[in-house]
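The values are calculated or read from the model by the stated rules, or taken from the named source; none is laboratory data. The model shown is predicted, which means the values in this text are computed figures rather than measured ones. Positions of Cβ are generated from backbone atoms using ideal geometry, with glycine treated the same way; all protein chains shown enter the neighbour counts.
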Amino acid sequence: MRRAFETARVLRENIERVVLGKPELVRSLVVAMLAGDHVLLEDVPGVGKTLAAKALARSLEGAFTRLQFTPDLLPSDITGSMIYRTDTREFEFSRGPVFANVVLADEINRAPPRTQSALLEAMSEGQVSVDGSTYPLPQPFIVVATQNPFEFDGTYVLPESQMDRFLMRSSIGYPVREVERDVLMSHRLGEPVNQLQPVVSVDDIRHAQECVRQIAFDASLVEYLLEIVAVTRRTEGIRVGVSTRGALSFYRGCQARAVTEGREYVTPDDIKCLAVSVLAHRIVPDSVLGVVSRGQVENRVRELVEQLAVPV
């Protein structure tokens, strides 16, 4: 377990060398990596979404690919396709850019639904199916997707099924003046993220992911987590609550957060701290009752969590 704690610590510290003043964002990336799940970074352009994904990738001794999603991007541009080889007179599978340990899906909502759906199997099962054959993706595997929530021209809203594949949705926000000054100074000699060196191996991450599953989760806390999930399904203003897959992701995310804290057990704080980022994007609000914006949904989830009794 100590090796897992050390992996989480050095990974966070290395990313924070270039992602300045955003410890919770860095924690979200590390939690997702250790949980074997994916992250959606949703914010305005230019605040460091792509930088954060690249920092995570450069901290890992693994493969990294960046996919710029555009309206003309095809599913085969992501997964790969069968190519006829004239020398062997046979078809051969040419692997697409999704075959990497860290995949940056930049501006994911700019591609049409058909292209977005090419990621569904990869994100859920860690594999790609093409022409009746299945190809496993390298492990660990994490998709870090970005989108601008304030720009709607030429975009396609991510369907609920796709949103449910992300462990959490996070924002970055503008930095405070002191941090922004440090950002300007750190870029005098170039892009700092390009100077990052790997600090963990893929074996370290796989070991940490195995340790995450061994983190103790008290029965009373399991009931607490399930009650939070259940209340999203019966609350006025919410048309569709959190799914069972969402509950499982919530469970695994809490275990991963405990590892980033150097603990072998989950606490109520792990559950409360992750509730909004893990659950809010999985909820479909009822616009008739006025709960429509992202901020309103997140505030509603926050209120529901605060209303429930915390196990002692």
The one condition in (1) in contact with a helix residue (DSSP H, G or I) (Cβ under 7 Å, 6 or more places away or on another chain); (2) part of a strand (DSSP E or B) that Ser81 fails to fulfil
(1)
Could you check the range 114-144 and list, in sequence order, the residues that are acidic (Asp, Glu) and closer than 23 Å to Ala35 by Cβ?
Glu121, Glu125
Any idea which of Leu56, Leu41 is in contact with a Leu (Cβ under 6 Å, 6 or more places away or on another chain), within 26 Å of Gly190 (Cα to Cα), in contact (Cβ under 8 Å) with a residue 40 or more places away in the chain and not in a loop (DSSP other than H, G, I, E, B)?
Leu56
Would you mind listing the helices (runs of 4 or more DSSP H) fully within the range 88-163 where at least 1 residues are over 28 Å from Glu210 (Cβ atoms) and among the hydroxyl-bearing types (Ser, Thr, Tyr)?
113-116, 160-163
When you scan the range 244-254, do you find a residue that is exposed (fewer than 14 other Cβ atoms within 10 Å of the Cβ), under 13 Å from Ile228 (Cα atoms) and among the hydroxyl-bearing types (Ser, Thr, Tyr), even just one?
yes
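Answer with yes or no whether Gln209 is within 26 Å of Val102 (Cα to Cα), of a type outside the set (Asp, Glu), modelled with pLDDT of 85 or more and loosely packed, with under 12 Cβ neighbours inside 10 Å.
Against the criterion (within 26 Å of Val102 (Cα to Cα), of a type outside the set (Asp, Glu), modelled with pLDDT of 85 or more and loosely packed, with under 12 Cβ neighbours inside 10 Å), Gln209 does not qualify.
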Being within 17 Å of the chain's Cα centre (by Cα) and more than 17 Å from Ala32 (Cβ to Cβ) is the requirement here; does Glu107 meet it?
yes
Residue that is surrounded by the fewest Cβ atoms within 10 Å (Cβ to Cβ), among those in the range 188-206 that are assigned to a loop (DSSP other than H, G, I, E, B) and modelled with pLDDT of 90 or more
Gln197
